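Derivation of every value follows stated rules applied to the coordinates shown; laboratory data play no part. In this text the structure is predicted, and so the values were computed from the model without any measurement. Because the Cβ atoms are built from the backbone with ideal geometry, glycine has one as well, and the counts that use them run over all protein chains shown.
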Amino acid sequence: MSVNAILSALRKHINKDKAAFFPRFFKTGKGQYGEGDQFWGITVPHNRLVAKKYFSQCTITDFSELLEHPIHEVRLCALLMMVYRVQSKKLPDIRKEIYQLYCKKTKYINNWDLVDSSVAQIVGAWLEDKKKDILYRWAKKGHLWEQRMAVIATFHYIRKGQFEDTVALCKLLLHHKHDLIHKATGWMLREAGNRNPDTLIYFLAEHHEEMPRTMLRYAIEKLDAGSRKRILLNQYF
């Protein structure tokens, strides 16, 4: 498989208007969280078309090379292909190698869309029946994207009905300063609450007064309007 074939396929979907818009959308200005990233303006549906066509032909070396590419959508394509590969039942099992590559290349998985489209399926799934120490190391490390990876990885466990790691990691990240972490923790608490309301209510009862406002709003988004209002006014508990 040639990496050049994948790059050529992606280039067919370059959109100059979106290439001009994406840097603002993904905050690539000086001092912003996506500082310096570059775009071809490829939409996610087009990216998925390429990923689905080529993922079965890629080696770990191919994934590694694509993950280090300077163009954002190329890195996204690599991650989408890695997800399709770990989920494939028809191909040889290389889930461990893909998990190891992911953990080795986290510095290239450096925006929220890259994290959110891949970490639960690759890292969360691999660690399902294993120790999850790396998630806690990431949460404590102080690296924005690894911290987001830590909590979003638990989406895999939430879907399986296991909420303990989500709650523990949200507690670790409770006083984080960045709204991208507030959104991630609130989102995962909301998803846990959708499946087990008591998990969310117990967390809110203990922490609602200290939760960042964005985290709180995300967490309670699916509650009924009256409950949301009382929680926001600190009249629920």
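Net charge dipole, the range 1-126: roughly 240 debye, given to the nearest 20, about the Cα centre with Cβ charges of +1 for Lys and Arg and -1 for Asp and Glu. Once you have a ≥ b ≥ c as the square roots of the Cα gyration tensor eigenvalues for the range 124-222, tell me rounded if a/c is under 1.5, and otherwise prolate or oblate according to whether a/b is larger than b/c. Verdict is oblate for the range 124-222. By the compact-protein rule of thumb, 2.2 N^0.38 Å, the alpha-carbon radius of gyration of the range 1-126 corresponds to a ratio of 1.01. Extents of the chain, largest first, come to 59, 41, 31 Å (Cα atoms, principal axes, whole angstrom).
GNM, the chain, Cα, under 10 Å: largest mean-square fluctuation among SER88, SER227, SER56? Residue with maximal mean-square fluctuation among SER88, SER227, SER56: SER227.
The phi torsions of the range 125-134, fed into the Karplus equation with coefficients 6.51, -1.76 and 1.60 and a -60° offset, translate into couplings of 5, 5, 8, 3, 10, 10, 5, 10, 4, 5 Hz, rounded to whole numbers, with Gly and Pro shown as x. As I understand it, the value is the acute angle between the Cα axis of helix 179-195 and the longest principal axis of the Cα atoms of the chain; what does it come to in degrees, rounded to 10? On a 0 to 90 degree scale, this one is about 70. Adding -39500 (n - 2.57) for every DSSP H run of four residues or longer, then dividing by how many residues the chain holds, sets the calculated 222 nm ellipticity at -17500 deg cm²/dmol. For the chain, modelled as a GNM whose springs connect Cα atoms under 10 angstrom apart, the maximal fluctuation among GLY34, GLY186, GLY226 occurs at GLY226.
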